[in-house]
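Remarks on the structure that follows.
The values are calculated or read from the model by the stated rules, or taken from the named source; none is laboratory data. Note that the structure is a prediction, hence the values are computed from the model and not measured. Cβ coordinates were reconstructed from backbone atoms using ideal geometry, including for glycine residues, and neighbour counts include every protein chain displayed. Surface accessibility is based on the protein's heavy atoms, side chains included, excluding ligands, DNA and RNA. Shrake-Rupley method; radii C 1.70, N 1.55, O 1.52, S 1.80 Å.
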Amino acid sequence: MPLDNPLLRQQAYIAGRWSNAADGRRHTILNPASGEPVGEVPDMGAEETHAAIAAAEAALPAWRALPAKERARLLRRWFDRVMAHQEDLARLMTAEQGKPLAEARGEVAYGASFIEWFAEEGKRAYGDVMPGPAGDRRIIVLRQPVGVVAAITPWNFPIAMITRKVAPALAAGCTAVVKPAEATPFCALALAALAEEAGLPPGVINIVTTARPAEVGAALTASPVVRKLSFTGSTGVGKRLMAQCADTVKRLSLELGGNAPFIVLDDADLDAAVTGALASKYRNAGQTCVCANRFLVQDGVYDAFAAKLTAAVRALKVADGLGDGVQIGPLINAAAVDKVERLVTASVEAGARVLTGGSRHELGGNFYTPTVLADVGNDMPIAREESFGPVAPLLRFRDDAEAVRLANDTRAGLAAYLYGRDLKRVWRVAEQLEYGMVGINEGIISNEIAPFGGVKESGLGREGSRYGLDEYLEMQYLCLGGM
Ligand code: NAD
């Protein structure tokens, strides 16, 4: 029995039509809390991907020709429908992704905020007029839509990672082909259903569902019609897609993995740091790319911070995300639990000490007990790899220079966090962090207004903010001579 939800759609959405795979293949999506089926979607391949690209190409001329204000009006209608269905979308998300319902409601609002923001921002794709090099010439710079955009998105934020790409693309005058993660296609399809209701023309958004991401990814990256790929996901897949895009020299935005340090200086407000730590680390059961992955705590406050954090983590309520007051749901699948278990076991063998948790949860299945580890070294697996689970490893440092050295000793550079009261010191340390984003006395930094993105191997480009629109615009220079 598929989930009872008015927004459940079990077909893909191509050229404004709800479609099946050409050969009828389907795949089943399981609820990560219960293991029960949520529903089925078409398992599409290269052929349907080509059809989606053709649909986006066909829709492009009319869409880009609309006045920005008219595109904004349609996007705003889409935003209104998403918010009107916040509860249905949140329940769909918890069913396929597992996050607690309160977080799912928050993600719907967060995801919708990109549609609202870029509906406005699209009106401001301003160009330039520059003084010419000679009296008879004028230089004009236009901002043109890139063209057909491909978006490949992860399962951890099944709505927001789509709207953060598609809303600026559409606002800029581009059309899009979205390939959602195989674990979470229903949120994507529900977004498409609401876009259809809002009156977005056929072909402007296309959703290709698949259990064969490599085949669809290859078709998207090989196509010369697709002018831009925006990808959020693991660093390994991002690198592979970047290589695949070389042949057609596509524009790229990559939001890849992080390994966020959370630095607690000895003058920090420890209660505020624990609150920030809970939000940053345990949200979505630790499955966000900006999750704190290593806690660097200064000697003088290490034991006190460890005690406070451990007490708070022990009190977290773990259960199916639909339950009342649940704070930690299941991980996405068995492989995710295996990974967390492997990292914790290897780190404990290397000398880390379990303060709380340290094992699978008694609920079984995909549940892992919220964990705090002390005496962690920066060379241990739990500090080297992104755990994507509810585990806080605590490392110790003596002075600011050591904190900066440890923090930067990774190939990732997405988010970092810093708690301290001395503004001068905080500023100096923050400036030395090789990270695209730094939360200062704040554990939640993502919003539609600020530029989200990483440096080093965490990616290319920025999403959200006024800079997010630039990712979908090309500069075109017109030289007007004979004046
Ligand atoms: P993933 O890379 O396995 O999957 C992401 C997407 O890529 C999915 O849609 C998947 O189907 C697709 N994919 C997988 N192999 C592919 C291939 N060969 N060709 C084309 N597409 C392919 O990552 P995940 O496990 O879904 O997500 C977790 C990772 O994503 C973490 O590393 C996390 O840090 C990162 N992430 C980053 C951000 C960010 O903004 N930087 C946000 C969320 C998640």
Notebook entry, point to check: Quick one: would you say residue 334 is hydrophobic (A, V, I, L, M, F, W, C) and without any contact (Cβ under 8 Å) to a residue 24 or more places away in the chain?
Noted result: no
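Among the candidates 238, 286, 258, 217, single out the residue that is on the phi < 0 side of the Ramachandran plot, within 16 Å of the ligand (Cβ to nearest atom) and either out of contact with any Asp or Glu (no Cβ under 9 Å at 6 or more places or on another chain) or open to solvent by 40 Å² or more (accessible area, probe 1.4 Å) (or both). Don't jump to the end; show me each part of the working.
Numbers: 238 fails: either out of contact with any Asp or Glu (no Cβ under 9 Å at 6 or more places or on another chain) or open to solvent by 40 Å² or more (accessible area, probe 1.4 Å) (or both); 286 fails: on the phi < 0 side of the Ramachandran plot; 258 fails: either out of contact with any Asp or Glu (no Cβ under 9 Å at 6 or more places or on another chain) or open to solvent by 40 Å² or more (accessible area, probe 1.4 Å) (or both).
Within the list 238, 286, 258, 217, the selection yields 217.
Mind telling me which of the residues 215, 120 ends up being closer than 29 Å to residue 42 by Cα and outside any loop (DSSP other than H, G, I, E, B)?
Details: 120 fails: closer than 29 Å to residue 42 by Cα.
One residue alone meets the criteria, 215.
Only one of 344, 372, 376, 337 is within 16 Å of the ligand (Cβ to nearest atom), within 23 Å of residue 289 (Cβ to Cβ), touching a Pro at 6+ places or on another chain (Cβ under 9 Å) and of a type outside the set (Gly, Ala, Ser); which?
Details: 344 fails: within 16 Å of the ligand (Cβ to nearest atom); 372 fails: within 16 Å of the ligand (Cβ to nearest atom); 376 fails: within 16 Å of the ligand (Cβ to nearest atom).
Just a single option satisfies the conditions, and that option is 337.
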Checklist line | Where a residue in the range 96-110 is assigned to a loop (DSSP other than H, G, I, E, B) and its partner, wherever it lies, is among the hydrophobic types (A, V, I, L, M, F, W, C), with Cβ under 7 Å and at least six apart | finding: 98/33; 98/332; 99/93; 100/326
Check: Could you count how many residues in the range 111-136 are surrounded by 14 or more Cβ atoms within 10 Å (Cβ to Cβ) and closer than 17 Å to residue 477 by Cα?
Finding: 3
Item checked: Residues of the range 10-33 satisfying the condition of being more than 19 Å from residue 220 (Cα to Cα) and either among the β-branched types (Val, Ile, Thr) or out of contact with any Pro (no Cβ under 9 Å at 6 or more places or on another chain) (or both) -> 18, 23, 28, 29
Item checked: Number of the exception - residue 59 against (1) in contact with a strand residue (DSSP E or B) (Cβ under 9 Å, 6 or more places away or on another chain); (2) surrounded by fewer than 16 Cβ atoms within 10 Å (Cβ to Cβ) -> (2)
Checklist line | Odd one out for residue 200, checked against (1) in a strand (DSSP E or B); (2) surrounded by fewer than 24 Cβ atoms within 10 Å (Cβ to Cβ) | finding: (1)
